[in-house]
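Have a look at the structure below before the remarks.
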Amino acid sequence: MKKAVKGTIRLLIVLVAVTALVVGIKILINGMYLFGIPDLKDVQTVSISYPSVTDEVKEVSSQEDVELSLKLTGFLKYDLFEKADSNEKPLITITYHLKDGTDKTISANNTTVWWNGKTYVIKDKEIFVNLTEGIFFLEDLPE
């Protein structure tokens, strides 16, 4: 009986170590996700601004558009070891207006994301801005 318990504990330790190694390698290769992005059920409306294209702030409240704006943050995975340039300015700002009355704001340009008072270097550069342009600002872009 003691041998079986020891064998099970060793197996669990090996599984935890392998899982941690795989997750660590995946984060190094693909980048780290932002933590604290609101859940779809908590968001009432979303404001999206892109001042270099239009002065108009897009307000979206349909379930589909709110979900799209939340999914866009998945393209803001960041590099853990690269330091962001503090002189850059954001191109796009998304503010999530939550049902509890609070707001959460995320800003980004082609290389940097600002979230919870910190700046991070985006792993997959330009994808977030290009997708946001295509989804929410296509009719505002100059031809």
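The values are calculated or read from the model by the stated rules, or taken from the named source; none is laboratory data. Everything quoted here is computed from the prediction, not taken from an experiment. Note: accessible area is taken over every heavy atom of the protein model, side chains too, but ligands, DNA and RNA are not part of it. Shrake-Rupley method; radii C 1.70, N 1.55, O 1.52, S 1.80 Å.
Worth a mention:
- Accessible surface of the chain, 1.4 Å probe, proportion on carbon and sulfur as whole %: 59 percent
- The tail of the calculated P(r) for the chain beyond 22 Å holds 49 percent of all Cα-Cα pairs.
- Taking only the C-alpha atoms of the range 1-65, the Rg (one decimal) and the largest Cα-Cα distance, Dmax (whole number), read 22.9, 72 Å.
- For the chain, built as a Gaussian network whose Cα springs stay under 10 Å, the top-fluctuating residue of Leu98, Leu131, Leu12: Leu12
- The chain: DSSP helices with Cα axial extent of at least 24 Å and average Kyte-Doolittle hydropathy no lower than 0.0: 2-30
- Rounded accessible area per residue of the chain, 1.4 Å, Å²: 65 Å²
- Extent along principal axes [Cα atoms of the range 58-104; Å; largest to smallest]: 36, 21, 18
- Selected from Asp55, Asp85, Asp103 as most flexible by GNM, with the chain as the system and alpha-carbon contacts under 10 Å: Asp55
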